[in-house]
Amino acid sequence: MSADRTGTTLGEYQLDRLIGRGGMGEVYEATDSRLGRTVALKILRPEFAENKERRARFDREAKALATLNHPGIVTIYALETVDDTTFFTMELIDGKTLAEMIRDEGIMDTDRILQLAIPISD
């Protein structure tokens, strides 16, 4: 697992806060110094950036998300590489993840599960 990059810069982005880690990389809340807005950056792990198949998968994910327009899906702004670091910038949505909701709410009744599941499946 890579070190937390909070407080560093990546190109024109100031990495303000680590939001989460996943199998392919890390997501940071960041400030875009060019536009003065807060964004999210999904940074591909370096060992994946060197792997053609993993890099292609990351690129496909960014391109697939960029073609979608739905209130429940973040907007992708750009796919970038700076100093051998590959990442995409996207809209930052404030709120809880599904995992956090499940943890906080505990056992959910059927109505609550459907209230969450239907918009997700749409």
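Here are a few things to note about the model shown:
- Residue-wise HN-Hα coupling along the stretch 53-63, computed from phi with Karplus coefficients 6.51, -1.76, 1.60 (Hz; x: Gly, Pro): 5, 5, 5, 5, 5, 4, 4, 5, 4, 4, 5
- Summary of the geometry: the stretch 19-47 and the stretch 53-91, compared by the centres of their Cα atoms, lie 11 Å apart.
- In the full protein context, the stretch 1-78 carries 62 Å² of accessible surface per residue, based on a 1.4 Å probe and ignoring ligands, DNA and RNA.
- Dipole of the chain, positive direction: furthest Cα of P46, T9, G20, with charges on the beta-carbon: P46
- Over all directions, the projected convex hull of the C-alpha atoms in the stretch 22-63 averages 3.5 nm² in area.
- Annotation: lysines with alpha-carbon distance below 17 angstrom to K52 (same-chain offsets under eight excluded): K63.
- Dipole magnitude of the chain about its Cα centre (Cβ charges: Lys, Arg +1; Asp, Glu -1), debye to nearest 20: 280
- The amide H of L92, built 1.01 Å from its N in the peptide plane, has A40 as neighbours under 5 Å, considering only residues 5 or more places off or on other chains.
- Potential lengthening between K52 and E80 on full extension [0.36 nm per residue; Cα-Cα distance subtracted]: 8.5 nm
- Using just its DSSP H runs of length 4 or more, each adding -39500 (n - 2.57), the chain gives a mean residue ellipticity at 222 nm of -9500 deg cm²/dmol after division by all residues.
- Extension gain, E91 to R37: 0.36 nm times the residue separation minus the Cα-Cα distance gives 18.5 nm.
- Dipole of the stretch 34-122 [Lys/Arg +1, Asp/Glu -1 at C-beta], most positive-end residue of M90, I107, S121: M90
- Estimated vicinal HN-Hα couplings, Hz - the stretch 117-122 in sequence order (Karplus 6.51, -1.76, 1.60; Gly, Pro = x): 6, 5, x, 5, 6, 4
- Scanning residues 5 or more positions from L10 or on other chains, those with amide H under 5 Å from its amide H are L15, with H placed 1.01 Å from N in the peptide plane.
- Rg/Rh ratio calculated on Cα atoms of the stretch 1-110 (Kirkwood radius): 0.99
The values are calculated or read from the model by the stated rules, or taken from the named source; none is laboratory data. No experiment lies behind these values; they were computed from the predicted model shown. Cβ: placed from backbone, ideal geometry, glycine included. Neighbour counts: every protein chain shown. Side chains included, ligands, DNA and RNA excluded: accessible areas come from the protein's heavy atoms. Shrake-Rupley method; radii C 1.70, N 1.55, O 1.52, S 1.80 Å.
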